[in-house]
1. Among the residues of region 88-107, is any within 19 Å of the chain's Cα centre (by Cα), closer than 27 Å to Val161 by Cβ, assigned to a helix (DSSP H, G or I) and aromatic (Phe, Trp, Tyr)?
2. Return the residue satisfying two criteria in turn: it lies in region 86-103 and is surrounded by fewer than 19 Cβ atoms within 10 Å (Cβ to Cβ) and among the small types (Gly, Ala, Ser), and of such residues it is nearest to the ligand (Cβ to nearest atom).
3. Condition first: in contact (Cβ under 8 Å) with a residue 12 or more places away in the chain and of a type in the set (D, E, K, R). Can you find one or more residues in region 118-130 that meet it?
4. Could you go through region 129-150 and let me know if any residue there is at pLDDT 95 or above and touching a strand residue (DSSP E or B) at 6+ places or on another chain (Cβ under 7 Å).
5. Count, please, the residues in region 39-70 that happen to be closer than 18 Å to Ala98 by Cβ, touching a strand residue (DSSP E or B) at 6+ places or on another chain (Cβ under 6 Å) and more than 10 Å from the ligand (Cβ to nearest atom).
6. Could you check, for region 157-167, whether at least one of its residues is surrounded by fewer than 17 Cβ atoms within 10 Å (Cβ to Cβ) and not acidic (Asp, Glu)?
7. What single numbered condition from (1) within 12 Å of the ligand (Cβ to nearest atom); (2) outside the structural domain of Ala147 (by TED's automatic domain parsing); (3) closer than 26 Å to Met178 by Cβ; (4) surrounded by 15 or more Cβ atoms within 10 Å (Cβ to Cβ) fails to hold for Arg34?
8. Give the number of residues within region 19-31 that are in a helix (DSSP H, G or I) and more than 15 Å from the ligand (Cβ to nearest atom).
Amino acid sequence: MIVLYGIARSRAQRCIWMLEELGQPYRLETVTYRGGGTRTPEYLAVNPNGKIPALRDGDLVLWESLAINLYLAEKYGGGLWPATVEDRGRAGQWSHWAMGELEGHLLTMLEAAPEGEAEEVSAAVVSAAVADAEAALKKPLSILNDALSGRPHLLGADFSVADLNVAVIAAWGLWAGMDFSALPALHKWLTACLERPAARKMIAMRNAQ
Ligand SMILES: N[C@@H](CCC(=O)N[C@@H](CS)C(=O)NCC(=O)O)C(=O)O
């Protein structure tokens, strides 16, 4: 059986959402980033980076959340894996883009949110970091909104791994309390993605932690 290492309140939520979409049986092996759980010799043998998530599928061990999702979508995904090489290229593009252009800034927003997990830092430092992150997010969020204007999903008609990999990162903005109403196409798409039963299951697991 597939083993996913991590917890739902971490980037492992990305792979939980994907595994739930696929209906693929899996076991969630609890590894936490608090208290040194990612730094044990046993876990470092799985992921030498000492980070969650990681996935074991038979003899294959993979780390990097969005790479895991691309693998799972291709191996098990039916409709989530794009049918054409061009759309597979676009799925890679959007996945790398989300990690490069959105993730860091949205993490700043999430960590500064009331339920956030920021270390003890002064309010002034946090608000300066939030202002920088908000400014840096303007362009990529408007690019995402433009890409979704006139089409329901990033690759066209159907929900795919591209949507999942971007939406699961964009969700951090919603969870941080950002207002996306000025970006109507993005807002509508993100809301619809997060209403999928597999996403709701992941969110319930996250909220239970
Ligand atoms: N690029 C990696 C990042 C993984 C990552 O940073 N995971 C965090 C939890 S969300 C972690 O394990 N941090 C522990 C640490 O940095 O010590 C991925 O997407 O899988």
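The values are calculated or read from the model by the stated rules, or taken from the named source; none is laboratory data. All figures in this text were calculated on a predicted structure; none of them were measured in a lab. Heads up, the Cβs are rebuilt from the backbone with ideal geometry, glycines too, and the neighbour counts pull from every protein chain shown.
1. For region 88-107, residues within 19 Å of the chain's Cα centre (by Cα), closer than 27 Å to Val161 by Cβ, assigned to a helix (DSSP H, G or I) and aromatic (Phe, Trp, Tyr): present.
2. Restricting to residues being surrounded by fewer than 19 Cβ atoms within 10 Å (Cβ to Cβ) and among the small types (Gly, Ala, Ser), the top hit is Gly100.
3. no
4. Checked region 129-150: no residue is at pLDDT 95 or above and touching a strand residue (DSSP E or B) at 6+ places or on another chain (Cβ under 7 Å).
5. Total satisfying the criteria: 0.
6. Within region 157-167, one or more residues are surrounded by fewer than 17 Cβ atoms within 10 Å (Cβ to Cβ) and not acidic (Asp, Glu).
7. Every listed condition holds for Arg34 apart from (4).
8. 3
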